[in-house]
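Everything on this sheet refers to the single structure shown next.
None of the figures in this text is laboratory data; all of them are computed from the coordinates on show. Note that this is a predicted model, so its numbers are computed, not measured. Cβ atoms come from the backbone with ideal geometry, glycine included; neighbour counts cover every protein chain shown.
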């Protein structure tokens, strides 16, 4: 719901449990008023009376903007906090003073050209502000829905003049929050195989900035930040979330000014960014998803989970049962033949697997990671009879077939590179920076994207393929394209990302029956932008059942369980060398899109029986993975236990998974409080054969199992009627 009061020139935007208020002050600035628990329209006059606005008659008015809470930070006119948008004119000047011009409220949402965005919204407010000193206008867009706690924002920067200008900073959102006590900032940091570790630090004077300069959102830092009140925990306290629906280099900052206001803003990373804005042209920033929760981190997370499922992920895929796959990568790596693959396929069929996925090594001259990328032609010297032979074996055994691609990459030892060396990202005369023995294709060039679309489409058209794993195994370096002049090189990284989105849009639209899974060396591009195209993403290359508890816990701070691709792998684990029980590997993997990453033909008979049981059990609870509410119960970063529960929306059934990391001497009983169930309902926990109320489970708790190192437990909980 969006309301405008013409007398006070105030706006009230309200979602499910929050309100967001702003007004046009007497000096003409769009001023932030309130963001928090839901309030009434009648409260706006009070909020305005409590605001401190610049006096338009004051000769020092511009200097007052330094402490004024703004919806768009200006540059060079007294607001000394970081600007939201900076546009440099031909004479080099960039000062700005953006004032309200007009607004409009309309049903639905305006789609973004060439970028992922929310697929629907109930209402959108567009406020147009204009610079007093140039021909630059900005549309500030706000989209709300009454059944969501997420407010979606972005900006459109427009040049209404007759001369070109250069955008040097173009963030998607800005909000100045009051200092409401001690706030902490939470971000999701990490590295390859240890993605999205929650890191929380108190805010202090100055700026806390997270970013990626790698050309994609990266393993190192996720495009998400949350602000937490001093009393905030999983279930209680206020928190604000800020997530970008964008997959490229980004920045999000929390700046505490000398006036003790906190300016939150973010978007495309302004490091080495630039965009030439010609006369009459406009530039759209990616969308940002803002969320307020008065019910702790858990409340914020569940709001984000619902938002991504209902508003971002493809509605044709989001709640559709996912195939249980087996991927051959850790079973064979590059060393496979028809016979090796057939043995995995045959065993998969006996055990109940749905889909066999052929990973890297099926194309070109590709027996290791030093050659072949870009040559998307089947290597029939390795696969006798081509893909058809493997696909026919799958069909004969009742399985579907999936295939791995790395469409953004190129090997220097490839036919594609020999034909088009200029298609790789590099600067002539400068030795390229290599990673994993490969270079990156220049997706800022349309002819490159068109080529990749055509060759990948040919494979998909000529073969019965139901599943595609889209990988990306290195960051971008050089940040240079020969297709742009010197004064437009700052556009390169964003144009690259637009090329990725273009390919993803064309492929997913052309092959609507194929399930596309995202991957970037594991979880290196796990963000809202990629979820628009890929309903699930390979969560991490680390499949160790202990480490995965931490990775999946951190990922769930913002992203739903259904988006996490989680597999059971072999032991000793290929990333850590750790040996964990087969049951534990299955239990942890069941908290996402489930599958296997090993050679099924080499399992013991006992392990094969466990696979059958795991698959049978998963098919009973996969609706909870797809649609349920996730409650985090025991933090693997803070305790010796991991525990999460998925609860149906109607609170009638739940699925709880736990793991104990280390056995301890002098053990004493530990109680686990189970949140998420309805206090008034009576439940049966099947594995314990007990009947108990939801109130008792959340108030008193239940004794945790006493089990050995990396032992696990699963409880199926249903309402007793």
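How far apart, in nm, are two points set 7 Å out from the Cα along the Cα-to-Cβ line at residue 319 and at residue 434? Inter-label distance under the simple model: 5.0 nm.
Debye-formula intensities of the stretch 325-538, expressed as log10 I(q)/I(0) at q = 0.08, 0.10, 0.15, 0.16 Å⁻¹, are -0.28, -0.44, -0.97, -1.09 (one equal scatterer per alpha-carbon, no solvent).
Stretched out straight at 0.36 nm per residue, the stretch from residue 687 to residue 510 would grow longer than its current Cα-Cα span by 59.1 nm. Here the ratio of the Cα radius of gyration of the stretch 1-78 to 2.2 N^0.38 Å is 1.14.
Using r as the Cβ-Cβ distance of residue 282 and residue 640, and R0 as 45 Å, what FRET efficiency do you calculate, to the nearest 0.05? Spell out each step's value before the answer.
Numbers: r = 54 Å, r/R0 = 1.21.
Efficiency, rounded to the nearest 0.05: 0.25.
Dimensions of the chain from C-alpha coordinates, computed as largest minus smallest value along each principal axis and given longest first, are 84, 69, 44 Å.
A straight chain from residue 163 to residue 721 at 0.36 nm per residue would run longer than the Cα-Cα distance by 193.7 nm. Using alpha carbons only, the radius of gyration of the stretch 446-542 set against its Kirkwood radius gives Rg/Rh = 1.00. Compared with the dominant Cα axis of the chain, that is its longest principal axis, helix 386-396 is turned about 70°. Any idea what angle helix 446-462 forms with the longest principal axis of the chain, computed on alpha-carbon atoms, 0 to 90 degrees, nearest 10? Taking Cα atoms only, the helix is inclined about 30 degrees. Given axes a ≥ b ≥ c from the Cα gyration tensor, I'd like to know whether the stretch 2-142 is rounded (a/c under 1.5), prolate (a/b larger than b/c) or oblate. Oblate, since a/c reaches 1.5 and b/c is not below a/b.
Separation of the stretch 398-423 from the stretch 652-721 is 48 Å, based on Cα centroids. Taken as Cα centroids, the stretch 281-330 and the stretch 84-160 sit 23 Å apart, rounded to the nearest whole angstrom.
Debye-formula intensities of the stretch 76-312, expressed as log10 I(q)/I(0) at q = 0.11 Å⁻¹, are -0.58 (one equal scatterer per alpha-carbon, no solvent). Report, in whole Å, the centroid distance computed from the Cα atoms of the stretch 492-566 and the stretch 460-477. Here the answer is 12 Å between Cα centres.
Stretching the chain fully between residue 50 and residue 601 yields a gain of 191.3 nm (0.36 nm per residue, less the alpha carbon separation).
In the chain, the calculated helix contribution to ellipticity at 222 nm averages -6000 deg cm²/dmol per residue, counting -39,500 (n - 2.57) for every DSSP H run with n ≥ 4. How far is helix 605-627 tilted off the main Cα axis of the chain, in degrees rounded to 10, range 0 to 90? Once rounded, one gets 30 degrees.
Modelled spin labels at residue 389 and residue 40, positioned 7 Å past Cα toward Cβ, are 7.6 nm from each other. As a calculated quantity, the FRET efficiency between residue 59 and residue 231 at R0 = 51 Å, using C-beta atoms, amounts to about 0.70. Site pair residue 486 and residue 110 shows an inter-label distance of 3.6 nm when each label is modelled 7 Å from Cα along Cα→Cβ. Per residue, the Cα convex hull of the stretch 641-719 amounts to 76 Å³.
Along its principal axes, the stretch 248-371 has C-alpha extents of 69, 42, 33 angstrom, given from the largest down. Taking a point 7 Å from the Cα of residue 669 along the Cα-to-Cβ direction, the residues of the stretch 682-711 with backbone N closer than 14 Å to it are 700-706. How would the stretch 585-721 be classified by its alpha-carbon gyration tensor: rounded, prolate or oblate, with rounded meaning a/c under 1.5 and the a/b versus b/c comparison settling the rest? Taking the square roots of the gyration eigenvalues as a ≥ b ≥ c, the stretch 585-721 is oblate.
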